[in-house]
Amino acid sequence: MAQELLGKPVIAALKEDLTARVAALGRAGVTPGLAIVRVGAREDDLSYERTAVKRAEGLGIAVRRFEVPEQAGQEALMDAIAQVNADESIHGCLMFRPLPRGYDEQAACEALDPAKDVDGIGSAALARVFTGRGAGFAPCTAAACLEMLDAYGIDPAGKRVVVVGRSLVIGKPVAMMLLERNATVAVCHSRTRDLEQEMRDADIVVLATGRAKAYGASCFSAGQVVLDVGINVDAEGALCGDADYEAAVAAVGEAGAVTPVPRGIGGVTTSVLMKHVVEAAERAAL
Ligand code: NAP
């Protein structure tokens with residue numbers, strides 16, 4: 001049976017570390033502050049918001065919500081971002097994306113103060129991920145993949161990694177972060193020839209395509225580590241990843257390890273967001 005790479009112990013370890021750091025900030029008279037900017041009321045945004053608020057409050061991070069009605073338009077969103085930038089009690093900002101049709105997402109991302117861009121949505125943050133220079137934060141989901149590997153003592157150095165998916169949110173930044181950690185990285189996508197072979201040849205596979213249970217036994221091989229970032233709904237309406245979990249577990253075997261969905265990377269992403277907020281508060285205050 002493959003090792004199940006659960007998010008829970010990683011979340012617990014992060015909580016312990018962050019609790020101590022929030023206490024230290026408190027002694028310096030600082031409460032870390034997270035702004036949540038949401039346009040409209042999509043159910044998956046609301047669900048993530050509930051989780052983020054609960055996680056933040058459990059750590060003593062103050063949350064301020066900015067709700068922009070879907071019909072309000074770009075100017076209202078830019079006004080909310082300007083308020084976030086101006087408010088010294090806010091150290092980090094989570095803005096839900098994709099924005100509803102008609103909004104200029106890039107303009108909104110670039111308007112956020114890079115020091116508060118704790119989910120790596122602006123060019124300055126991405127430049128940091130790609131150049132290794134500057135002080136920005138990596139996108140939380142990409143950072144959560146590294147957090148998971150580190151927590152389970154899996155060193156990517158020298159390993160062959162295949163990242164399936166090339167979005168700016170996950171695929172590209174996680175590839176750069178793994179390269180920075182001395183992995184040999186291939187980034188695959190919808191035009192990759194013989195994807196299954198590419199995947200089977202890897203030591204570590206990162207799946208970030210948004211295709212429910214699309215990768216089965218023929219995509220994996222013995223001893224692999226599989227990080228499944230996908231959050232999808234299957235034909236029965238249940239949450240699932242990009243991998244066919246049972247097939248992946250069987251294919252990688254006893255020497256391998258797989259993250260389940262749910263209970264895997266998703267929850268770690270929320271904790272990484274909190275870590276970035278605390279770090280932003282430390283940079284601003286200490
Ligand atoms: P995205 O922007 O839609 O990108 C999907 C990527 O998958 C694209 O690069 C696409 O290739 C590639 N792809 C699509 N079909 C493919 C195929 N048949 N073979 C190989 N590659 C294929 O998605 P995303 O925003 O990166 O999100 C990916 C998944 O992660 C989703 O399930 C999302 O819900 C999940 N997610 C999880 C978290 C978390 O915290 N765990 C956070 C955010 C998102 P092309 O570029 O060639 O089109």
Farthest toward the dipole's positive end in the chain, which of Thr51, Val30, Ala124, given Cβ charges of +1 (Lys, Arg) and -1 (Asp, Glu) about the Cα centre? Val30
Which order, highest average first, do 254-262, 204-212 follow once you tally other Cβ atoms within 10 Å for each residue and take the mean per peptide? 204-212, 254-262
log10 I(q)/I(0) for the stretch 1-122, Debye formula on C-alpha points only (no solvent), q = 0.16, 0.19 Å⁻¹, two decimals, reads -0.83, -1.06
Please give the per residue accessible area of the stretch 1-114, computed with a probe of 1.4 Å over protein heavy atoms only, in Å². 53
Expressed in square angstrom to the nearest 10, the accessible area of Asp194 with a 1.4 Å probe stands at 90
So for the stretch 205-265, what percent of the C-alpha to C-alpha distances run longer than 20 Å? 15
Percent accessible area from carbon and sulfur atoms, the chain, protein chains only, probe 1.4 Å: 51
Mind checking which of Val252, Val174, Val233 is farthest towards the positive end of the stretch 173-259's charge dipole, using Cβ charges of +1 (Lys, Arg) and -1 (Asp, Glu) about the Cα centre? Val174
Would you grab the residues whose amide H sits under 5 Å from the one on Ala2? Only those 5+ places off in sequence or on another chain, please, with H modelled 1.01 Å from N. Gly253
Just in the stretch 92-171: which trypsin sites (Lys or Arg not before Pro) are loop by DSSP and have at most 15 other Cβ atoms within 10 Å? Arg101, Arg133
Just round it to a whole percent: the fraction of Cα-Cα distances in the chain exceeding 33 Å. 23
For the chain, give me the percentage of DSSP beta bridges that are antiparallel, rounded to the nearest 5 percent. 5
Helix-only [θ]222 nm of the chain, DSSP H runs n ≥ 4, -39500 (n - 2.57) each, per residue, nearest 500: -13500 deg cm²/dmol
So what's the net charge close to Ala212: Lys and Arg +1, Asp and Glu -1, counting the other residues with Cβ under 12 Å from its Cβ? -3
Flagged as over-length at 28 Å C-alpha distance, from Lys54/Lys159; Lys116/Lys172; Lys8/Lys159; Lys172/Lys213; Lys213/Lys275; Lys54/Lys172, the pairs are Lys54/Lys159; Lys213/Lys275; Lys54/Lys172
How large is the charge dipole for the stretch 19-169, taken about the Cα centre, if only the Cβ atoms of Lys, Arg (+1) and Asp, Glu (-1) carry charge, to the nearest 20 debye? 580
Kyte-Doolittle at least 0.0, axis length at least 15 Å by Cα - qualifying DSSP helices, the chain: 8-27, 74-86, 140-151, 265-285
On a C-alpha basis, how far is the centre of the stretch 242-256 from the centre of the stretch 48-108 in Å? Whole number, if you could? 38
If you put +1 on each Lys and Arg Cβ and -1 on each Asp and Glu Cβ, how big is the dipole of the chain around its Cα centre, in Debye rounded to 20? 380
To the nearest µm²/s, what D does Stokes-Einstein give for the stretch 133-286 at 20 °C and 1.002 mPa s, using the Kirkwood radius over alpha carbon pairs as Rh? 136
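The values are calculated or read from the model by the stated rules, or taken from the named source; none is laboratory data. Remember, it's a predicted structure, so these values are computed and weren't measured experimentally. So basically every Cβ, Gly included, is an ideal-geometry build from the backbone, and we count neighbours across all protein chains shown. For accessibility, only protein heavy atoms count, side chains too; no ligands or nucleic acids. Shrake-Rupley method; radii C 1.70, N 1.55, O 1.52, S 1.80 Å.
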